[in-house]
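*Asks:* Would you mind keeping the following structure in view while I ask a few things?
No value in this document is a laboratory result; all are computed from the given coordinates. As the structure is a computational prediction, the values presented were derived from the model and not from experiment. Quick reminder, even Gly has a Cβ in these numbers, built from the backbone with ideal geometry, and neighbours come from all protein chains shown.
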Amino acid sequence: MKHDLKMAAVHLDFYYGEFKALEGINLEIPENRVTALIGPSGCGKSTFLRCLNRMNDLIPGARTTGDVLLDGVKINTPQLDVVELRRKVGMVFQKPNPFPKSVFENVGYGLRVNGVRDKDYISSQVEKSLIAAGLFDEVKDRLYDSALGLSGGQQQRLCIARAVALEPEVVLMDEPASALDPIATQKIEELIAALKRRYTIVIVTHSMQQAARVSDRTAFFFMGKLVEVGPTEDVFTRPANQQTEDYVTGRFG
């Protein structure tokens with residue numbers, strides 16, 4: 001079954017001021033698949049992830065050369081509407097970051113910011129998104145209570161619900177389970193498997209076991225370069241590159 005290309009980086013370089021954080025990245029991200037980015041700390045995984053929705057634009061002195069494409073369209077052009085890009089390419093961060101508002105307001109927030117005023121539509125999207133995030137049954141009696149009263153795992157699933165409420169095409173996840181216990185982590189992983197039917201997912205993870213469990217493709221980054229990318233099983237069991245093998249077998253990193 002062929003999966004169409006959803007996003008791609010082409011000869012992508014990224015700089016923080018004079019420092020070159022990413023060099024010559026060529027990476028294809030297929031649609032409705034989970035692509036995991038692995039590698040030691042500081043290797044450029046999160047920087048690359050943030051290139052996919054131009055979150056790095058917010059950093060003074062950051063600049064990009066080369067291209068990132070979404071559905072074949074270059075996203076690094078000055079005329080591109082970054083707000084619209086981030087609506088299509090949602091983001092879930094490492095630490096759950098719910099707003100100090102109700103559960104309902106958290107999920108509906110992006111819709112309101114994007115000018116949606118239809119209360120019935122907002123209500124149905126909130127419910128649909130909470131169901132998609134596997135959270136609705138746990139919070140249906142607490143929709144108007146503060147989201148800050150939820151457990152860490154619930155807060156992270158709430159942040160996923162908030163990201164999918166806008167019906168993005170791609171969901172980026174930057175170590176979404178690193179702050180969570182094993183049971184909450186398992187729920188997030190099950191959720192990722194369910195969400196890829198509707199979304200293209202790119203996940204940064206420090207956990208090799210997690211990459212092996214949740215992803216279809218794995219990309220190994222080292223020192224700002226993409227060393228190897230391929231089907232996850234191949235990268236873990238038959239890596240083509242010695243550096244990859246050393247990393248996945250725990251010989252370094």
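*Asks:* Which of the residues spanning segment 22-55 are buried (at least 21 other Cβ atoms within 10 Å of the Cβ) and over 14 Å from the mean Cα position of the chain (by Cα)?
*Replies:* Within segment 22-55, LEU22, ILE25, GLY39, CYS43, GLY44 meet the criteria.
*Asks:* Hand me the list of helices (runs of 4 or more DSSP H) wholly inside segment 123-201 holding 3 or more residues that are within 17 Å of the chain's Cα centre (by Cα) and surrounded by fewer than 21 Cβ atoms within 10 Å (Cβ to Cβ).
*Replies:* Output list reads 182-195.
*Asks:* Which one of LEU52, LEU70 is touching a residue at least 60 places away in the same chain (Cβ under 8 Å) and within 30 Å of GLY250 (Cβ to Cβ)?
*Replies:* LEU52
*Asks:* So which of GLU228, GLU189 is among the acidic types (Asp, Glu) and touching a Pro at 6+ places or on another chain (Cβ under 7 Å)?
*Replies:* GLU228
*Asks:* All but one of (1) closer than 22 Å to LEU195 by Cβ; (2) outside any helix (DSSP H, G or I) hold for GLY108, so report the exception by its number.
*Replies:* (2)
*Asks:* So, MET173, is that one out of contact with any helix residue (DSSP H, G or I) (no Cβ under 8 Å at 6 or more places or on another chain) and under 27 Å from PHE14 (Cα atoms) or not?
*Replies:* Answer is no for this residue.
*Asks:* For segment 1-35, give me each residue that is under 19 Å from MET173 (Cβ atoms) and among the β-branched types (Val, Ile, Thr).
*Replies:* Of everything in segment 1-35, those that are under 19 Å from MET173 (Cβ atoms) and among the β-branched types (Val, Ile, Thr) turn out to be ILE25, ILE29, VAL34, THR35.
*Asks:* Here's something else I'd like to know. Can you tell which of VAL103, VAL107, VAL126 is out of contact with any strand residue (DSSP E or B) (no Cβ under 7 Å at 6 or more places or on another chain) and either without any contact (Cβ under 8 Å) to a residue 40 or more places away in the chain or among the charged types (D, E, K, R) (or both)?
*Replies:* Criteria check complete, one pass: VAL126.
*Asks:* Still on this structure, please answer the following. Of the residues in segment 67-115, how many are of a type outside the set (Asp, Glu) and more than 28 Å from THR185 (Cα to Cα)?
*Replies:* 19
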